[in-house]
Structure formats: structure tokens, C-alpha cells
Amino acid sequence: MLVLVAPGQGAQTPGFLTPWLDLPGAADRVAAWSDAIGLDLAHYGTQADADAIRDTAVAQPLLVAAGILSAAALGAYPFAADAAGSPGAVAGHSVGEITAASFAGVLDDEAALALVRKRGLAMADAAAITATGMSALLGGDPETTVPHLEKLGLTPANVNGGGQIVAAGTLEQLAALDADKPEGVRRVVPLKVAGAFHTHHMAPAVDALAKAAADLTPADPKVTYVSNKDGKAVATGAEVLERLVGQVANPVRWDLCMETFQELGVTALLEVCPGGTLTGLAKRVLPGVKTLALKTPDDLDAARELIAEHS
């Protein structure tokens, strides 16, 4: 059983979209999306520097566009239950959940990009209220780490499994964490994000996103959609959309998603562009599961072989 996953913010790197625009029809498709959402995705994905694409309002639509573009290049998109070449389940980390909603047919591509554009702008506005950020903790035991973070006023915003937790809060709180690591934590690594996502600092973005979502008509998922709120499979489009709104201010439980993958009988995990983060976690947590990350179109043939073997 194949699971198709989409990464979250921080996975982007300068120029990562460049080779994908050489695929037939890709440049025109990205240009149309850019016009629709008022953001030059091709420029930011090919020419902009790391600081420019760190901007939440830019990074989020760029990641969703790249995920959809790379998934479509696999040849079986849009996906449908039991159709040849379709995954058995889809999921996304943070903003990747909007990408996954497109994979599952809950939102069409244009609706997904319109929603993520509004999400990125709303979260950027919320992040501007207070200087906040996120840091990944490598090593340690969650039972020790989580109480330590809470003592410092930080939120365990991403519980990723494999011993990785991402803390979020004010820059002062993160500085205190760097000076006072939880027992067993080897390193604290600042992330390339512009705010304390998935915490109470994002509450203003929830209201803005709820208004944007009210204009959408979601369809029910055509393949199993696993939510990172609690790792549960969600059966209706209305609930998927409700969770997409609420998740901006609630922790990501990717560890629970991977537990669900195991329960579903996962044998392979494929991560769309810009892949690498989620396959890295899967290698540590899902032994025996084949993994592949789509980084460039050179990975497409291997990805198609993986799909043929496991879908």
C-alpha cells in the first residue's frame, strides 16, 4: 500500500522549482496559477533567494504548487480510489495538508491554491504581531521534552515522531530553550519559518481562514485522507476543510499519522516535491517501508516504478 505525502514549510530551497518548469505544459500551468492568486510562482520558485521564499505568504503557495505539479507529473493525477496508479492514502505536514486535499479531490487545484494564498497572508499577518519562530529538537524523550517546553512557555507545535519535536514561541522563549535544552536533546535547530505556527499566536489567522473557507464547496475524499490533527482518516470534505482551518493554531501530530500508515498496511511512502523531510522521518519510524522523495524530474521514473509495485 502506497502513501503519498506532501511536506510543509521549511522544505523550500532557492531555485527548487526550476527543473519542473521544463516539463510539458508546466510553465503554462504555473503561469495560470500565478495570475489567479496574484503571486509570481515561477519567479519565486526559480530566481528568488532564501530570504524571499522564507516569507510565509510566498512559501506556502509555492509549496502547494510544487506538490501538485510533481504529483501530476506521475501520470495518474487526479487520484481516485482503487484506480491504477493511485495511492492508498494521502497526507500532508502542516501546509502540505492543503496539497493532500487536492490529491484526494477535496479541493480542485485552483481552490487549493486560492485557499493557501489566503492562509499564507493571514499567517504572515499573525506572525507580524509578535516576533516568534520555531526550532526543531533532535533527540530526547517526548515525556521529558514536552513538560520542559511548557515550563519555558513554548508549544510542542510539531510532534513528528522519531524523537523529533518542533517547539514554537517567542524569540525570547526560543533563546531560553537554546540555553536550557531538555534532558537527552542533542541539538536545537532554528527552522526557516517566520512565525510560531500551530500555536495560539496564529489565532487571528484562524478567523481569516474560516471566512475564506466559507466560500468553498469541498468534495468528499476520493482516496483515504489522513489528518495530522490526530492521525485519523477523515471521510467528508466538510470535515477536511474544518480541520484545515483549525490546524493553523493547533499542533501537527505527524507521529500519529505514521501510526495510521502502519495500521493501513503501508509498504511504500512517496513524498512530492520538494521531498526529503518526511521520507527522512519515515526511514526512522517505519522500518521496512520503501521511501522515495521527489526532488527533481529525474526522480519520476523511480517514483512510477514504486507506484506500480505498491499502489
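Note down all Cβ pairs under 6 Å where the first residue falls in region 237-253 and is touching a residue at least 60 places away in the same chain (Cβ under 8 Å), the second is open to solvent by 20 Å² or more (accessible area, probe 1.4 Å) and part of a helix (DSSP H, G or I), and they're at least six residues apart or on different chains.
248/206
Scan (1) open to solvent by 10 Å² or more (accessible area, probe 1.4 Å); (2) in a loop (DSSP other than H, G, I, E, B) for the single condition residue 175 breaks and write down its number.
(2)
On the basis of being touching a residue at least 12 places away in the same chain (Cβ under 8 Å) and touching a strand residue (DSSP E or B) at 6+ places or on another chain (Cβ under 7 Å), does residue 120 make the cut? Show your work before the answer.
On the way: touching a residue at least 12 places away in the same chain (Cβ under 8 Å): yes; touching a strand residue (DSSP E or B) at 6+ places or on another chain (Cβ under 7 Å): no.
It is false that residue 120 is touching a residue at least 12 places away in the same chain (Cβ under 8 Å) and touching a strand residue (DSSP E or B) at 6+ places or on another chain (Cβ under 7 Å).
Report yes if some residue within region 18-36 is in contact (Cβ under 8 Å) with a residue 60 or more places away in the chain and closer than 20 Å to residue 279 by Cβ; otherwise report no. Outline the logic, then answer.
The initial filter retains those residues of region 18-36 that are in contact (Cβ under 8 Å) with a residue 60 or more places away in the chain, namely 19-20, 22-23, 33, 36.
Filter once more, keeping what is closer than 20 Å to residue 279 by Cβ: 19-20.
Within region 18-36, one or more residues are in contact (Cβ under 8 Å) with a residue 60 or more places away in the chain and closer than 20 Å to residue 279 by Cβ.
Considering only residues that are under 24 Å from residue 193 (Cβ atoms) and touching an Asp or Glu at 6+ places or on another chain (Cβ under 7 Å), look in region 14-36 and name the one that is surrounded by the most Cβ atoms within 10 Å (Cβ to Cβ).
Step one: of region 14-36, the residues under 24 Å from residue 193 (Cβ atoms) are 14-18, 20, 30, 33-34.
Among the residues that remain, those that are also touching an Asp or Glu at 6+ places or on another chain (Cβ under 7 Å) are: 14, 34.
Numbers: 14: 16, 34: 19.
Result: 34.
Could you list, in sequence order, the residues of region 287-298 that are in contact with a strand residue (DSSP E or B) (Cβ under 7 Å, 6 or more places away or on another chain) and open to solvent by less than 50 Å² (accessible area, probe 1.4 Å)?
In the first step, residues of region 287-298 are kept if they are in contact with a strand residue (DSSP E or B) (Cβ under 7 Å, 6 or more places away or on another chain); the result is 289-294.
Scanning region 287-298 gives 289, 291, 292, 293, 294.
For residue 272, state whether it is of a type in the set (Val, Ile, Thr), more than 16 Å from residue 2 (Cα to Cα), in contact with a helix residue (DSSP H, G or I) (Cβ under 6 Å, 6 or more places away or on another chain) and open to solvent by less than 50 Å² (accessible area, probe 1.4 Å). Working first, answer last.
On the way: of a type in the set (Val, Ile, Thr): yes; more than 16 Å from residue 2 (Cα to Cα): no; in contact with a helix residue (DSSP H, G or I) (Cβ under 6 Å, 6 or more places away or on another chain): yes; open to solvent by less than 50 Å² (accessible area, probe 1.4 Å): yes.
The answer is no for residue 272.
Which condition breaks for residue 211 when tested against (1) open to solvent by 60 Å² or more (accessible area, probe 1.4 Å); (2) touching a strand residue (DSSP E or B) at 6+ places or on another chain (Cβ under 7 Å)?
Exception for residue 211: condition (2).
With in contact with a Pro (Cβ under 9 Å, 6 or more places away or on another chain) and buried (at least 18 other Cβ atoms within 10 Å of the Cβ) as the only criterion, which of 199, 144 stands out?
Values: 144 fails: buried (at least 18 other Cβ atoms within 10 Å of the Cβ).
The unique qualifying residue is 199.
Quick check on this structure: which one of 180, 215, 230 is over 24 Å from residue 129 (Cβ atoms), out of contact with any His (no Cβ under 7 Å at 6 or more places or on another chain), free of Cβ contacts under 8 Å to residues at least 24 places away in the same chain and not hydrophobic (A, V, I, L, M, F, W, C)? It would help to see each step written out before you state the result.
Working: 180 fails: free of Cβ contacts under 8 Å to residues at least 24 places away in the same chain; 230 fails: free of Cβ contacts under 8 Å to residues at least 24 places away in the same chain.
Answer to the selection: 215.
From the list 11, 65, 81, which one is open to solvent by less than 10 Å² (accessible area, probe 1.4 Å) and either under 13 Å from the mean Cα position of the chain (by Cα) or under 24 Å from residue 270 (Cβ atoms) (or both)?
None of the other options fit; the residue is 65.
Take the residues in region 147-167 that are of a type in the set (A, V, I, L, M, F, W, C) and under 17 Å from the mean Cα position of the chain (by Cα); name whichever of them is most open to solvent (accessible area, probe 1.4 Å). It would help to see each step written out before you state the result.
First pass over region 147-167, keeping only residues of a type in the set (A, V, I, L, M, F, W, C): 149, 152, 154, 157, 159, 165-167.
Of the ones still in play, those that are also under 17 Å from the mean Cα position of the chain (by Cα) are 157, 159, 165-167.
Values: 157: 0, 159: 21, 165: 6, 166: 3, 167: 0 Å².
By that ranking, first place goes to 159.
Based on what the data block shows, is residue 245 open to solvent by less than 10 Å² (accessible area, probe 1.4 Å), farther than 17 Å from residue 2 by Cβ and out of contact with any His (no Cβ under 7 Å at 6 or more places or on another chain)?
Working: open to solvent by less than 10 Å² (accessible area, probe 1.4 Å): no; farther than 17 Å from residue 2 by Cβ: yes; out of contact with any His (no Cβ under 7 Å at 6 or more places or on another chain): yes.
Judged against the criteria, residue 245 is not a match.
Please go through region 116-141 and pick out each residue that is closer than 20 Å to residue 60 by Cβ and open to solvent by less than 20 Å² (accessible area, probe 1.4 Å).
116, 119, 120, 122, 123, 126, 127, 132, 133, 134, 135, 136
The values are calculated or read from the model by the stated rules, or taken from the named source; none is laboratory data. Please read these numbers as outputs of a predicted model, since none were measured by experiment. Here the Cβ is made from the backbone with ideal geometry for all residues, glycine too, and neighbour counts use every protein chain on show. Ligands, DNA and RNA are excluded from the accessible area calculation, which covers all protein heavy atoms including side chains. Shrake-Rupley method; radii C 1.70, N 1.55, O 1.52, S 1.80 Å.
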